1. What ranking of His312, His157, His119 emerges when the number of other C-beta atoms within 10 Å of each C-beta is taken as an exposure proxy, fewest first?
2. List the chymotrypsin sites (Phe, Trp or Tyr not before Pro) in the range 45-147 that DSSP assigns to loop (not H, G, I, E or B) and whose Cβ has at most 16 other Cβ atoms within 10 Å. Which are they?
3. Answer rounded, prolate or oblate for the range 225-379, using the Cα gyration tensor with square roots of eigenvalues a ≥ b ≥ c: rounded when a/c is under 1.5, else prolate when a/b is larger than b/c, else oblate.
4. In whole angstrom, how far apart do the alpha carbon centroids of the range 109-137 and the range 196-219 sit?
5. Dipole of the range 80-339, Cα-centred, from +1 at each Lys and Arg C-beta and -1 at each Asp and Glu C-beta, to the nearest 20 debye?
6. If each DSSP helix of 4+ residues adds -39,500 (n - 2.57) and the sum is divided by the residues in the chain, what number results at 222 nm, nearest 500 deg cm²/dmol?
7. Report, in whole Å, the centroid distance computed from the Cα atoms of the range 288-318 and the range 243-287.
8. Hey, can you grab everything whose amide H is under 5 Å from the amide H of Arg186? Only 5+ residues off in sequence or another chain; H modelled, so Pro and N-termini drop out.
Amino acid sequence: MSPEFRLEQKRQVLADFPGPKSTALAERRKGSVAAGVASSVPVYAADADGGVILDVDGNSFIDLGSGIAVTSVGASEPAVVGAVAEAAGHFTHTCFMVTPYEGYVEVAERLNELTPGGHEKKTVLFNSGAEAVENAVKIARAATGRQAVVVFDHAYHGRTNLTMALTAKAMPYKHGFGPFASEVYRVPMSYPFREENPEMTGKEAAQRAITMIEKQIGADQVAAVLIEPVQGEGGFIVPAEGFLSTVSEWARSKGVVFIADEVQAGFCRTGEWFAVDHEDVVPDIVTMAKGIAGGMPLSAVTGRAELLDAVHGGGLGGTYGGNPVACAAAVAALDVMKEQDLNGKARRIEEIAREVLGPLVGEGVVGELRGRGAMMALELVQPGSKEPNPEAAKSIAAACLKEGVVILTCGTYGNVIRLLPPLVIGEDLLRDGLGVLADAVRSA
Ligand SMILES: *Cc1c(COP(=O)(O)O)cnc(C)c1O
C-alpha cells in the first residue's frame, strides 16, 4: 500500500515546536492577514507529499486532514505536478467564455461519465465548492420555475451569501453576516446517534422531513432538495439507510430537483466515486470540488442534460471557472484515482480505522465511531451520557499535533474528531497516526 514518495514518510516533532520560523511567520501574519481567517495549526508548511506535511522548521507531521479532503491523491502527486507544469507552460488562462480549450471539455466528459446514472448529462465548471452549490441552485430554479430550496439540519454548503443561508451553523459561518438569501427552508436530518428514538429508520426520518416540506412549503413550490449524502462540517453524519433514497424518490415524484452536494464526500473519499453510490441513489445534479483536482481550485456541477441546458446562453460562467491549469490537474488526478484504486484504498483505511479506534467506543469520551471509507469520525461525549464534549475534541486534536499528527475537528457541537487522510497514505504511517490519536483519546 506504500508507493514511493519524495519526502520521507515519518512523524518527527522537534522540542521547540512551534519552531522559530513558524513563530516569526505568525508575527508577520498578525500584522498583515485579516484576523477573521483562522488556522487550526500554528506551523507554516514548507513541503508536503504522500501522507506528510513538513513545516518551515523541519517538523514532519502525519497528515490526517488532506487540507480538508482536498489532497486525496497527495499534495504533490507527480502526475498532477507534471500536468500543472505542462498546462501552465502553454497558457495559464484565456477564459473559457472567450477562447475555449480542450481541458474544460475533457473534464466535462469525464464527470458526465463518472457521476451516477446512465442518463444524458452536462457539466459546468467553477472555482470553489460554494460557487458550485450556488450554481446548482440557479440551475434548479431556472429549470423548474420554482424558488424554494430545502436543506437539512447540520448542513454545510459554503460561505457566500446564498450558501451561508443554506448552511446550518451560525458560529462561525453566519454570525453577523446577514441578511441572508430568502426561500431557503431547513428540515430535520437523519442523525442516528442523536435521534430521540434510536430505532427510527431512514425511511421514517425521511417521511418526517417530507411531511414538513409538504405542510410548510408545498411540494409544487420547491425547486430543489440539497443534501450532503454524508455530512461533512456538520459532523460526518451518515443518515440511516433508506433516508437518501426515500427523499430522492419523493423529489422525483414531485418534479423537485435532487441535488447531492458531494464537495467533501466525492472522489473516492468514502470508498466509492460518490457517497450516493453506497445507496444506489441517482441525483439529478451533483456538486463537486475539494478532491477533484489534486489541490488546484476547481469545482463542477454535473446533472441531467435537460436541467443544465434549461439555462439561457450566458447565464452560467465566471472569469476563472474551469481554469486550464486546474482542468489539467483534474484529468491527471482522476487518472491517479483510477490507476491506484483509491476507492479500494479508502475502504482499507476504514478497516484500519475501525480496527484501531473501534475498541475505544463506549469507553470514556467516545460516543460513536462512524463514517464511510476514509471519511471516519469519533463523536465525543461527556462520559456516561450523550452530552457533547467539544473540550475533549479540542484537547485531543492539540495533543495529536504535539505528537506530530494533524487532525481536524467538526460538528454542530464542535465535538467530532474527523479523519480525512490522503487516500495514498502508507499503511504504517496511518497506523502510527491512528495510534497517537487512540492514545490521546484514552488519556482525555
Ligand atoms: C467545503 C464544502 C463546501 C464549500 O466549498 P468551498 O470550496 O470551501 O467553497 C460546500 N459543500 C460541502 C459539502 C463542503 O464540504
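Just so you know, all these numbers are worked out from the coordinates, no wet-lab data involved. None of these values were measured; they are calculated from a predicted model. Because the Cβ atoms are built from the backbone with ideal geometry, glycine has one as well, and the counts that use them run over all protein chains shown.
1. Starting with the residue having the fewest Cβ neighbours, the order is His312, His119, His157.
2. Phe91
3. oblate
4. One Cα centre to the other: 28 Å.
5. 780 debye
6. Per the formula, -11000 deg cm²/dmol.
7. 16 Å
8. Placed amide hydrogens put Val151 under 5 Å from Arg186.
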